[in-house]
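Asks: Would you mind keeping the following structure in view while I ask a few things?
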Amino acid sequence: MLAEGAEWSDGAVALRWHGRWPSTSTWDGIDSLLAVHAADGATRLHWLDPPPPVRAVAPPTPEPYDGSVWLPAPAPDGLCSRCGRPWPCLDCGP
């Protein structure tokens, strides 16, 4: 195998070349790829049929609330950068 690749549902193609200096190239479509790399007619494509099953991914679990309090950063003058009162200002929430 010299290379392997993927074609996305919008027709875009990525190709990963194997060998001593591997590289990856992207193309707007399979026709563009073949115009450059299959000009001699010796290139063969092998498609997976049927495509491998898509693995279901569980949604991320939300981080538990740890009781942290958000504080705006102090301004250079030492006051709250959000309301102008002395910092740390516990009245400015997120």
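The values are calculated or read from the model by the stated rules, or taken from the named source; none is laboratory data. Treat the numbers as computed from the prediction; the structure is a model and nothing was measured. Glycine gets a Cβ as well: all are built from the backbone with ideal geometry, and neighbour counts include every protein chain shown.
Asks: Please give the number of the condition residue 67 fails out of (1) modelled with pLDDT of 80 or more; (2) surrounded by fewer than 13 Cβ atoms within 10 Å (Cβ to Cβ).
Replies: Only one criterion in (1) modelled with pLDDT of 80 or more; (2) surrounded by fewer than 13 Cβ atoms within 10 Å (Cβ to Cβ) is unmet by residue 67, namely (1).
Asks: I'm trying to understand the selection: among the residues of region 1-60, which are surrounded by 10 or more Cβ atoms within 10 Å (Cβ to Cβ), acidic (Asp, Glu) and within 21 Å of the chain's Cα centre (by Cα)?
Replies: Across region 1-60, the qualifying residues are 4, 7, 28.
Asks: Can I ask one more? Among the residues of region 6-42, write down those that are in a strand (DSSP E or B) and touching a Ser or Thr at 6+ places or on another chain (Cβ under 9 Å).
Replies: 13, 14, 15, 16, 17
Asks: Would you mind stating whether residue 47 is among the aromatic types (Phe, Trp, Tyr) and farther than 19 Å from residue 2 by Cβ? Spell out how you get there, then give the answer.
Replies: Numbers: among the aromatic types (Phe, Trp, Tyr): yes; farther than 19 Å from residue 2 by Cβ: no.
Criteria not met by residue 47.
Asks: Restricting the first residue to region 68-94 and requiring it to be without any contact (Cβ under 8 Å) to a residue 12 or more places away in the chain, which pairs with a second residue that is among the aromatic types (Phe, Trp, Tyr) meet a Cβ separation below 7 Å and a spacing of at least six or different chains?
Replies: Every condition considered, the pairs that remain are 78/87; 79/87.
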